[in-house]
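Colleague: Sharing a structure here in structure tokens format.
The numbers here are math on the coordinates, done by the rules we state, and not lab data. From a predicted model like this one, the values you see are computed outputs, not experimental measurements. Cβ sites come from the backbone with ideal geometry, for glycine too, and all protein chains shown count toward neighbours.
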Amino acid sequence: MPINCAVVCVIAVVVGGAQLEEWSGGASLLHPRSAHALVSTPTSLYALAGTSASGTPVLTVERFDASTSTWFLETALPGDGLNATAAVVLDNRILVIGGFNTTTNVPTADVLAYDLGTHAWVSAESTPPAPPPLPAPRGGHAAVVLDGKVHVLGGGNSERTLADHSVFDPATRTWTLAAPLPRAEGSPAAVAFGGRLVVIGGRSGGSDFADVDLYDPATDTWSAGPPLPSPRGTAGAVVYDGALFVIGGESQARGECLSEVLRLVNEDGQPWQPSDLAKGKWEPAPPMPTARSFARAAVLGDSIYVVGGSSGPAGRHDTKGLGVVERYGPAAKEQSSPPPERSASTPR
């Protein structure tokens, strides 16, 4: 059952009287959002795009400063808004890749680039310019950087779910096609781990998946990993403290958002490694205080942050966003109040 917390809820792991990790409340987003993108740098988190508490497009880009535990307005997203986009950090730029336009199911192939040094969106005259568009429009996909290249996985368009696997090489500034996913799936979670891609769960139409698939770039092949205990889509995934975690999401079969957090271990109870392939099991970790779909998660410093999401069904393109931020780490940090908003066009 989801756990509702009026102020700050703390759920801790305790072993032999010593507290290891706990969930705690974090500073809320300035603008609630769902079906958004989240990226991290060594000092900050960035929340981009998505849909608001009323289901309308969110154009503001917010930055969370780890030193002050505070969200700031960073910039504004070009255009009219995106839902179910994906983003990565590559060469000190945030790349916003594809997505569905505004609150529709009409996908785009555009790739936007935001320079973290100049705090400006990259233009066609920039050096280098933004990456070229995707080979084909898509939304609801995952994007991961592995060995300096951007891998875009799955998703869908206005007609069907995709198994496509597109790779951007910044050295040649070109997209190429790699081995497709073993099955077409939208809203998977994906991470880079141990030199491989790990793609977890996902969905197509009303069906969720429990598959875990591993991609080896050296051989351009996929292999099966340990499946999840139950299917889910729109979950988050991170590698934290050397272990793979899957966080939240939605079960369409159960008709509910999930607070469940799972950690993958090997047969000896140690953190699973991609070289273990299918030899592993998912064990429960402390659940999130707030169940949510679109559980966008990232590691910053010594903690996992889960930012925004939705408490409603994830099958729409205008899901109502949450402002809640929760942190899983070794100790709770006192959160400061958000500062007055500044114009998204004002330089920092």
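Colleague: Of the options ILE247, PRO42, GLN270, report the single residue whose Cα projects farthest towards the positive end of the charge dipole of the chain (beta-carbon charges: Lys, Arg +1; Asp, Glu -1).
Modeller: Final value for the positive-end residue is ILE247.
Colleague: Quick one: divide the alpha-carbon radius of gyration of the chain by 2.2 N^0.38 Å and tell me what you get.
Modeller: 0.92
Colleague: ALA171 versus THR70, label points 7 Å from Cα toward the beta carbon: distance in nm?
Modeller: Result for the modelled spin labels: 4.3 nm.
Colleague: Given charges of +1 on the Cβ of Lys and Arg and -1 on the Cβ of Asp and Glu, with all other atoms neutral, how large is the dipole of the range 215-292 about its Cα centre, in debye to the nearest 20?
Modeller: Details: 6 positive and 10 negative charges, 54 e Å.
In debye, rounded to 20, the range 215-292 gives about 260.
Colleague: Give me the base-10 log of I(q)/I(0) for the range 180-240 at each q in 0.14, 0.18, 0.19, 0.30 Å⁻¹, Debye formula, one uniform scatterer per Cα, rounded to two decimals.
Modeller: Each listed q maps to, in turn, -0.35, -0.58, -0.64, -1.36.
Colleague: Taking K and R as +1 and D and E as -1, what net charge do the other residues with C-beta under 14 Å from the C-beta of GLY148 add up to? Display every interim value, and only then the final one.
Modeller: Working: positive: ARG93, LYS149, ARG173; negative: ASP91, ASP147, ASP169.
Summing Lys/Arg as +1 and Asp/Glu as -1 gives 0.
Colleague: Here is a further query. To the nearest 0.05, what FRET efficiency results for ALA120 and LYS279 with a Förster distance of 56 Å applied to their C-beta separation? List each step's numbers first, then the result.
Modeller: Details: r = 48 Å, r/R0 = 0.85.
The value I calculate is 0.75.
Colleague: All other residues with a Cβ under 13 Å from the Cβ of GLY323 taken together, and with Lys, Arg as +1 and Asp, Glu as -1, what is their net charge?
Modeller: Values: positive: ARG33, ARG292, ARG296, LYS320; negative: GLU62, GLU326.
Once all neighbours under 13 Å are counted, the net charge is +2.
Colleague: Which value, in debye to the nearest 20, gives the size of the charge dipole of the chain about its Cα centre, when Lys and Arg are +1 and Asp and Glu are -1 at the Cβ?
Modeller: On the way: 23 positive and 33 negative charges, 103 e Å.
So the magnitude is around 500 debye.
Colleague: Related question: Excluding the sites themselves, what is the longest stretch of the chain that contains no GluC sites (Glu not before Pro) in a DSSP loop with at most 16 other C-beta atoms within 10 Å? Let's see the in-between values first.
Modeller: Numbers: sites that count: GLU125, GLU159, GLU267, GLU334, GLU341.
It works out to 1-124.
Colleague: Just grab the label-to-label distance for SER207 and GLU256, each label 7 Å out from Cα along the Cβ direction, in nm (one decimal).
Modeller: 2.5
Colleague: Something else now. For SER223, what charge total do you get from the other residues with a beta carbon under 15 Å from its beta carbon, if Lys and Arg give +1 and Asp and Glu give -1? Walk me through the intermediate numbers first.
Modeller: Numbers: positive: ARG183, ARG196, LYS279; negative: ASP211, ASP213, ASP216, ASP220, ASP276.
Result for the local shell: -2.
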